[in-house]
Amino acid sequence: MVSRVIPVDTFDLVIFGGTGDLARRKILPGLYVRFLAGQIPEGARIVGAARSEFDDDGYRSFVSESIAEFVAKSKQDKTAISEFLKCIHYVPIDALGKGGWPDLAKLMRLDTIRAFYLSVGPRLFGPLAERLHAHGIANDKSRIVVEKPFGRDLKSACALNAVLAESFEEHQIYRIDHYLGKETVQNLMAVRFGNILFEPLWNSQYVDHIQITVAETVGVGGRGGYYDKSGAMRDMVQNHMMQLLCLIAMEPPSTFEPDAVRDEKLKVIRALDPVESHEIVRGQYLEGENGASYQIEAENPDSHAESFIALRTHISNWRWNGTPIYLRTGKRLRARVSEIAVVFKDPPHSIFGPQEGRRGNVLVIRLQPDEGMNLRVTIKEPGPGGMRLIEVPLDMSFAEALGNDGDDIPDAYERLIMDVIRGNQTLFMRGDEVEAAWAWTDPIIAAWEDRHDKPKPYDPGSSGPEDSLMLLHRDGRRWREIR
Ligand code: NDP
Ligand code: BG6
């Protein structure tokens, strides 16, 4: 199936940090793929900005290399690439200096959408926002995109919000959480609110519990410096997993307008119970057969940062009272899998008598790999010999169902950047949401710090520390396998 592409209005997009890793791996390749899809209008300008000295041609070579490395070969079209490169410009700028700003101002066109992507560390957000205004480059129609991490606690997030608010209105600020740009995450809303089938069952009367797993096989690699100060709680739970939790648990918004959706997400975060220490397991991978060890990779032999978290939480509202929600994420686990499993209760009475080992209905929304949905239902085992029940999956791989290969599912960044140009904030975090998420996270981290908590070791390639299995066993439940 060929997806429908709605072109956006022409724009000037400046990528501060245009020479960085994120720009190279995600932003620039994503923009090229949108160009190839016909979504980027002729005349759009994409301007890289950083301290490195490049001229336009030098930066075009940089962009061309990033496309060669990070875009699927099937999408590398020579003519399209050379047309796309005509949109590319570069201005050397130090975010903390004075040079380059007049050149950037000259490149910006009047009456054109202006977006500024701050793909730089958060310490540069304030200086960049301030200089964009001082040089008359940003106006009240401009949009500013900011990357994670948005603070490392409530206090620093409030400070960042305050700095941005000095130069931009909330409706101009796009705080990225790339999980919200994932196709299946958006599908979660389509499934919940576009079908009558699920919503009546979507509450504690019918849902036994919810499991959200984001398991990675990669370790911290070259990002140890950042990760070691962050750990899985700040890196994954406070943002990506919290967003998934919000979308699965929120009330139906009255419209699909940005604030209607974000108001509902905010209510979920504010209704989350504090997590007690017995409801959380921290882990750190430690030298398995392949020798991978977190402390060696992070180059910190004394590190107590967690590369794994499993926790139980609960939403105190009418819909979810009594339904635990289990979150689990970690690096160097057995398989790369991100999924949300909604585990339904058993029917109130079995007319077929006791059925050994039978499990109830489970709806699994797979974010990656192999995006899709799977609903486990009970049927009769075929053949004579009485009524024996078995579970079979109603399985839908989006790639198969929609007749495309995985390459046709747009990367999260492609979708999100186009939303910025369209001026649609639905899939971006509002300032109060981020603050509420930190307000929930802070006491959990503070409790570890107070008691000098050490993460439990786990083998690379495993499912995490044993204690994380116990978290569910104690409740008479079990995690889905990571595979
Ligand atoms: P890098 O360190 O690779 O790149 C940083 C960029 O900032 C470079 O382009 C650098 O260019 C530029 N820069 C640094 N100092 C200045 C300055 N004073 N003035 C102007 N430009 C400056 O970082 P990443 O690309 O990895 O990350 C960028 C942001 O995105 C960070 O906030 C990160 O947390 C976030 N992020 C990154 C992800 C990733 O996968 N990489 C994933 C999610 C979020 P130069 O040295 O030429 O000035
Ligand atoms: C990033 C985290 O935000 O998300 C990384 O900083 C993590 O540590 C990554 O690996 C996971 O993203 P994805 O899209 O690969 O699941």
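The values are calculated or read from the model by the stated rules, or taken from the named source; none is laboratory data. Every value quoted in this text rests on a predicted model; they were computed, and no experiment measured them. Every residue, glycine among them, receives a Cβ derived from its backbone with ideal geometry; neighbour counts consider all protein chains shown.
Filter region 172-201 for residues that are of a type in the set (Asp, Glu) and not in a helix (DSSP H, G or I) and give the result.
177, the sole residue that qualifies.
Quick check on residue 27: is it β-branched (Val, Ile, Thr), within 16 Å of ligand 2 (Cβ to nearest atom) and closer than 29 Å to residue 409 by Cβ?
Yes, satisfied.
Kindly evaluate residue 43 against the criterion of being under 23 Å from residue 132 (Cβ atoms), more than 16 Å from ligand 1 (Cβ to nearest atom), surrounded by fewer than 18 Cβ atoms within 10 Å (Cβ to Cβ) and in the same structural domain as residue 121 (by TED's automatic domain parsing).
Yes, satisfied.
Tally the residues that are modelled with pLDDT under 95, hydrophobic (A, V, I, L, M, F, W, C) and either not in a strand (DSSP E or B) or not assigned by TED's automatic domain parsing to the domain that holds residue 346 (or both), restricting the search to region 387-417.
Here the count works out to 7.
Which condition number in (1) more than 14 Å from ligand 1 (Cβ to nearest atom); (2) more than 22 Å from the chain's Cα centre (by Cα); (3) buried (at least 17 other Cβ atoms within 10 Å of the Cβ) is the one that residue 162 fails?
(3)
Residue 173 passes all but one of (1) in contact with a Leu (Cβ under 9 Å, 6 or more places away or on another chain); (2) assigned by TED's automatic domain parsing to the domain that holds residue 326; (3) not acidic (Asp, Glu); which number fails?
Status for residue 173: all satisfied but (2).
Residues that are more than 20 Å from residue 176 (Cα to Cα) and within 16 Å of ligand 2 (Cβ to nearest atom): does region 53-71 have at least one?
Checked region 53-71: at least one residue is more than 20 Å from residue 176 (Cα to Cα) and within 16 Å of ligand 2 (Cβ to nearest atom).
Under the condition of being of a type outside the set (Ser, Thr, Tyr), touching a Lys or Arg at 6+ places or on another chain (Cβ under 8 Å) and in a loop (DSSP other than H, G, I, E, B), which residue from region 120-147 is nearest to residue 416 (Cα to Cα)?
So, considering only residues that are of a type outside the set (Ser, Thr, Tyr), touching a Lys or Arg at 6+ places or on another chain (Cβ under 8 Å) and in a loop (DSSP other than H, G, I, E, B), the one nearest to residue 416 (Cα to Cα) is 141.
Residue 220 passes all but one of (1) surrounded by fewer than 17 Cβ atoms within 10 Å (Cβ to Cβ); (2) within 16 Å of ligand 2 (Cβ to nearest atom); which number fails?
(1)
Restricted to region 131-157, and to residues that are of a type in the set (Lys, Arg) and within 13 Å of ligand 1 (Cβ to nearest atom), which residue is surrounded by the most Cβ atoms within 10 Å (Cβ to Cβ)?
Per the stated criteria, the residue is 131.
Just give me the residues in region 369-386 being touching a residue at least 60 places away in the same chain (Cβ under 8 Å) and assigned to a loop (DSSP other than H, G, I, E, B), in sequence order.
Our first condition is that a residue be touching a residue at least 60 places away in the same chain (Cβ under 8 Å); within region 369-386, this holds for 371-373.
Passing the criteria: only 371.
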